[in-house]
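Asks: Mind looking over this structure? Questions follow.
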Amino acid sequence: MLLSQTFSSLIENNNTNLANTSTDLLNGLKVFHNNQWYICGNLAITEGQAPHKLINSSPNDMDYQLLVKAAMLLIADNVGQPVTITTGFPYSTYRIYKDAAVEYLRKNHIIEYDGSTFGSTGKKTKMLDVANVDVIPEIVGCSIALRKGEERASGNFFILSCGFGTFESILSTDSGVVEQTMISTHGMRYAINYMINELTKNHYLGFRTAHTLDEAFQRGSLYLDRKNIDVREIRKNALKAYYNEVISPALRNIITDKNLTRTNKVYLCGGGMYYQDLVDCFTTEFGEILQIEVVSDPATLASKGYALNSVRVSGGSKSSAVGIDVGNSTTVVTNFDGE
């Protein structure tokens, strides 16, 4: 069975004592990197002053390396070593970052972390020997998960993936993916920035960024000047504007008469598909000509596909297969539980 663990991709430098601030390692990620302590994920949200994450960061960037370390830390005790890791990038950056990712990942990693955040002892160390690494486009990882995972999809179908940083598409067939149907454009950050622009007309937001307001966008409300502001209507309008201005024009070159003769099946995935208002936009435009299905747990699909790909790369070893998806909003690490 595939087991995915998800944490926020936000990070921040923090050298303070944060003993007993979390219930477990997942919520208490404090990792030592480049001679500095950093809080990651949920701990960065609760304890950070200005947590951040570069958009579509490269394997040479500190935040990417730190989030990979945090992901490795979570599965180090649950996999057989040496491990095989598959990861990926948006189609727009995949070729640029592939070699650098392999170089960074394929080695013996010594990960230092602070166990006191969740009631354990202080500085601790775990090791992870990474023998094999494969890097594939993120949307291809989604295709692998759909065909080899729980959905067991077959035949031809479109995949539309909407994340915080990018929206991507592809046509997947039994013999492979159709590269000319790959697109990569703006992600959910566009809609969140729309919300920010609307809120600043009547409210002072301070130094809040799209990353730090992502949680409020998901929740549908936030506190400003000690008042609970309902942003669900703004969010609905933001998602409609995002769809009409970004997604729909991009799909005109993908969902064409020619491609519709191949299939009318569409799978929607990525964290953006948790928003029913966005899914409704797809249904409004394509509901009469396409069979639209939102995958279960859409934000973890790519990571699951990476883990399944690692099984192939390792020659069938599930116990040592890992998938890591370093997203702009969340990082997901997947391994096989109980194998």
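The values are calculated or read from the model by the stated rules, or taken from the named source; none is laboratory data. Treat the numbers as computed from the prediction; the structure is a model and nothing was measured. As a convention, Cβ positions derive from the backbone with ideal geometry for all residues, glycine included, and neighbour counts pool all protein chains shown. SASA here: full protein model, heavy atoms, side chains in, ligands and nucleic acids out. Shrake-Rupley method; radii C 1.70, N 1.55, O 1.52, S 1.80 Å.
Asks: Report whether or not residue 210 is in the same structural domain as residue 251 (by the TED database), assigned to a helix (DSSP H, G or I) and either in contact (Cβ under 8 Å) with a residue 60 or more places away in the chain or not polar (S, T, N, Q) (or both).
Replies: no
Asks: A follow-up question, please. Confirm whether residue 82 is farther than 30 Å from residue 169 by Cα and at pLDDT 95 or above.
Replies: Answer is yes for this residue.
Asks: I'd like to know if segment 28-43 contains one or more residues that are closer than 30 Å to residue 150 by Cβ and either outside any loop (DSSP other than H, G, I, E, B) or outside the structural domain of residue 124 (by the TED database) (or both).
Replies: Scanning segment 28-43, I find at least one residue that is closer than 30 Å to residue 150 by Cβ and either outside any loop (DSSP other than H, G, I, E, B) or outside the structural domain of residue 124 (by the TED database) (or both), so the answer is yes.
Asks: Hey, can you tell me all the residues within segment 257-273 that are touching a strand residue (DSSP E or B) at 6+ places or on another chain (Cβ under 9 Å) and part of a helix (DSSP H, G or I)?
Replies: Within segment 257-273, 259, 271, 272, 273 qualify.
Asks: Every residue in segment 105-119 that is in contact (Cβ under 8 Å) with a residue 40 or more places away in the chain and open to solvent by 30 Å² or more (accessible area, probe 1.4 Å), please.
Replies: 112, 118, 119 - these are the residues of segment 105-119 that are in contact (Cβ under 8 Å) with a residue 40 or more places away in the chain and open to solvent by 30 Å² or more (accessible area, probe 1.4 Å).
Asks: Sort through 98, 69, 53 and tell me the only one that's modelled with pLDDT under 95 and of a type in the set (Lys, Arg).
Replies: Step by step, each of 98, 69, 53 is checked, and only 53 is modelled with pLDDT under 95 and of a type in the set (Lys, Arg).
Asks: Filter segment 281-319 for residues that are surrounded by fewer than 23 Cβ atoms within 10 Å (Cβ to Cβ) and hydroxyl-bearing (Ser, Thr, Tyr) and give the result.
Replies: 283, 284, 296, 314, 317, 319
Asks: Considering each residue of segment 143-153, count those that are surrounded by fewer than 17 Cβ atoms within 10 Å (Cβ to Cβ) and touching a helix residue (DSSP H, G or I) at 6+ places or on another chain (Cβ under 7 Å), and give that number.
Replies: Qualifying residue count for the region: 0.
Listed here are the residues, each with its yes/no results for (1) open to solvent by 10 Å² or more (accessible area, probe 1.4 Å); (2) assigned to a strand (DSSP E or B).
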{"site": "171", "(1), (2)": "no, yes"}
{"site": "185", "(1), (2)": "yes, yes"}
{"site": "192", "(1), (2)": "no, no"}
{"site": "201", "(1), (2)": "yes, no"}
{"site": "204", "(1), (2)": "yes, no"}
{"site": "216", "(1), (2)": "no, no"}
{"site": "223", "(1), (2)": "yes, yes"}
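Asks: A further question follows. Being over 30 Å from residue 47 (Cβ atoms) and in contact with a strand residue (DSSP E or B) (Cβ under 7 Å, 6 or more places away or on another chain) narrows it down to one residue among 102, 130; which is it?
Replies: Within the list 102, 130, the selection yields 102.
Asks: Scanning for something open to solvent by less than 20 Å² (accessible area, probe 1.4 Å), within 22 Å of residue 31 (Cα to Cα), without any contact (Cβ under 8 Å) to a residue 60 or more places away in the chain and not acidic (Asp, Glu), does segment 82-90 turn up at least one residue?
Replies: Within segment 82-90, not a single residue is open to solvent by less than 20 Å² (accessible area, probe 1.4 Å), within 22 Å of residue 31 (Cα to Cα), without any contact (Cβ under 8 Å) to a residue 60 or more places away in the chain and not acidic (Asp, Glu).
Asks: Within segment 225-240, which residues are of a type in the set (A, V, I, L, M), open to solvent by 20 Å² or more (accessible area, probe 1.4 Å) and part of a helix (DSSP H, G or I)?
Replies: 234
Asks: Specify which of the listed residues (263, 256) is more than 21 Å from the chain's Cα centre (by Cα), more than 15 Å from residue 182 (Cα to Cα) and among the hydroxyl-bearing types (Ser, Thr, Tyr).
Replies: Only one candidate qualifies: 263.
Asks: Name every residue in segment 241-256 that is open to solvent by 50 Å² or more (accessible area, probe 1.4 Å), free of Cβ contacts under 8 Å to residues at least 40 places away in the same chain and assigned to a helix (DSSP H, G or I), in order of residue number.
Replies: Across segment 241-256, the qualifying residue is only 244.
Asks: Does any residue of segment 7-22 turn out to be among the aromatic types (Phe, Trp, Tyr), open to solvent by less than 30 Å² (accessible area, probe 1.4 Å) and under 17 Å from the mean Cα position of the chain (by Cα)?
Replies: The answer is yes; a qualifying residue exists.
Asks: Among residues belonging to segment 257-280 that are free of Cβ contacts under 8 Å to residues at least 12 places away in the same chain and more than 15 Å from residue 157 (Cβ to Cβ), point out the one that is least open to solvent (accessible area, probe 1.4 Å).
Replies: Within segment 257-280, the match that is least open to solvent (accessible area, probe 1.4 Å) is 280.
Asks: Which one of these is within 21 Å of residue 127 (Cα to Cα) and open to solvent by less than 60 Å² (accessible area, probe 1.4 Å): 26, 2?
Replies: The conditions single out 26.
Asks: Further question on the same structure: Take the residues in segment 123-169 that are without any contact (Cβ under 8 Å) to a residue 40 or more places away in the chain and in a loop (DSSP other than H, G, I, E, B); name whichever of them is farthest from the chain's Cα centre (by Cα).
Replies: Selected residue: 154.
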